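Okay, so here's the structure we're looking at.
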Amino acid sequence: MPEAATTYDVRGVAEGARAIDITGDITAQSEEILMDAYSRANETGVKAIVLNFTGLDYMNSGGIGLLVTMLVRAQRAHQQVLAYGLSDHYREIFELTRLDDAVGIHTSEDAALAAL
């Protein structure tokens, strides 16, 4: 899996909220670019990080671990983490790993933003 095919774009979606658009894979090899995206999203005054999984191709246990690391950092910064665009398969993985207890799972970006 070539790393160049994986991108994490950051954009503003609402006052105090930034989205990270995930395209490609989330694996242990994604650590540097995922944490860089989180750092870029983590501006002063950001209260929520919205993860857009609509472009996700593949995620393994290493990727789940990276999400947990990012979630811990967000919790330390008193930020809410929301997600949308998860396939049924990855939604089930979030439930099995109990990530859905810490990450608000929504059907769309609008639904995630409405939950803020």
* Asked: Any idea how far the Cα center of the stretch 63-97 sits from the one of the stretch 19-58, in Å?
  -> 10 Å
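Under the 0.36 nm per residue contour assumption, what length would be gained going from the current alpha-carbon distance of THR69 and ALA28 to full extension? Each step should come with its number before you reach the end.
Numbers: separation 41, 0.36 × 41 = 14.76 nm, distance 1.14 nm.
Length gained, THR69 through ALA28: 13.6 nm.
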* Taking only Cα atoms and a 10 Å spring cutoff, compute GNM fluctuations for the chain and point out the largest among VAL72, VAL103, VAL81. => VAL72
* **Potential lengthening between ASN42 and THR97 on full extension [0.36 nm per residue; Cα-Cα distance subtracted]** => 17.3 nm
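How would you rank THR44, THR27, THR107, going from fewest to most other Cβ atoms within 10 Å of each one's own Cβ? Walk me through the numbers on the way to the answer.
Numbers: THR44 4, THR27 20, THR107 10.
Neighbour counts put them in this order, fewest first: THR44, THR107, THR27.
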* ³J(HN,Hα) across the stretch 67-80 via Karplus (A = 6.51, B = -1.76, C = 1.60, θ = phi - 60°), whole Hz, x for Gly/Pro? -> 4, 5, 4, 5, 4, 4, 4, 5, 5, 5, 8, 6, 10, 8
* In sequence order, calculated HN-Hα J values of the stretch 87-99 (Karplus, 6.51, -1.76, 1.60; Hz; x Gly/Pro) -> 5, 4, 4, 6, 5, 5, 5, 4, 5, 5, 8, 6, 4
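How about the stretch 1-69: which GluC sites (Glu not before Pro) there are in a DSSP loop, with at most 16 other Cβ atoms within 10 Å of their Cβ?
Those that pass, being in a loop and sparsely packed, are GLU15, GLU43.
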* Fully extended, how many nm does the chain gain between HIS78 and SER61 (0.36 nm per residue separation, minus their Cα-Cα distance)? -> 3.6 nm
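Rule-based calculations on the coordinates, nothing more; no lab input. For clarity, every value in this text was computed on a predicted model and none was experimentally measured. So basically every Cβ, Gly included, is an ideal-geometry build from the backbone, and we count neighbours across all protein chains shown.
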